[in-house]
Amino acid sequence: MWMNSVTVLPGFNDDVFSGLEVHVRELQDRDRVCSLTVDEMSLKSNLAYDRAHDVVVGYEDFGSLLPHSAVNATSELTFMVRISCKLESHSNRNIYVFRMNSLQT
């Protein structure tokens, strides 16, 4: 895959947008078909230390949109873009991820 080494952290993922731009530039107009998917999943309320990024994970985290919170996250909302290069080949990429206490409706 063309972006297997990208680490997805909460917030907009600039590396994925840059990779998508390069990838889509190579496609012909008729092959530029994509869909946007939004997915929410429940999280077990838990805190853990991420040594690679020197941060405690498990709190609400909206990336750069809002300041970090001291509230434990109980769900994660992910926005994914799926590019269909050809009918037999698809590529899913998370473009935005945030963790929150709950989705209020």
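In summary, strands (runs of 3 or more DSSP E) completely within the stretch 40-105 and bearing 2 or more residues that are modelled with pLDDT under 85 and exposed (fewer than 14 other Cβ atoms within 10 Å of the Cβ) occur at 75-86, 89-100. Annotation for the stretch 33-40: no member residue is out of contact with any strand residue (DSSP E or B) (no Cβ under 6 Å at 6 or more places or on another chain) and of a type in the set (Val, Ile, Thr).
Tell me yes or no: at least one residue of the stretch 40-48 is touching a Phe, Trp or Tyr at 6+ places or on another chain (Cβ under 8 Å), among the acidic types (Asp, Glu), within 18 Å of Leu9 (Cα to Cα) and touching a residue at least 24 places away in the same chain (Cβ under 8 Å). Explain how you work it out, then say what you get.
Start the filter on the stretch 40-48 by keeping residues that are touching a Phe, Trp or Tyr at 6+ places or on another chain (Cβ under 8 Å), which leaves 47.
From what is left, the residues that are among the acidic types (Asp, Glu) are none.
No, the stretch 40-48 contains no residue that is touching a Phe, Trp or Tyr at 6+ places or on another chain (Cβ under 8 Å), among the acidic types (Asp, Glu), within 18 Å of Leu9 (Cα to Cα) and touching a residue at least 24 places away in the same chain (Cβ under 8 Å).
Can you spot a residue in the stretch 27-36 that is assigned to a helix (DSSP H, G or I), exposed (fewer than 10 other Cβ atoms within 10 Å of the Cβ) and either free of Cβ contacts under 8 Å to residues at least 60 places away in the same chain or over 15 Å from the mean Cα position of the chain (by Cα) (or both)? Checked the stretch 27-36: at least one residue is assigned to a helix (DSSP H, G or I), exposed (fewer than 10 other Cβ atoms within 10 Å of the Cβ) and either free of Cβ contacts under 8 Å to residues at least 60 places away in the same chain or over 15 Å from the mean Cα position of the chain (by Cα) (or both). Among residues that are in contact (Cβ under 8 Å) with a residue 40 or more places away in the chain and part of a helix (DSSP H, G or I), Leu20 is included.
The values are calculated or read from the model by the stated rules, or taken from the named source; none is laboratory data. Bear in mind that the values here come from a model prediction, so they are computed numbers and not experimental data. In this analysis, Cβ positions are derived from the backbone assuming ideal geometry, glycine residues included, and neighbour counts consider all displayed protein chains.
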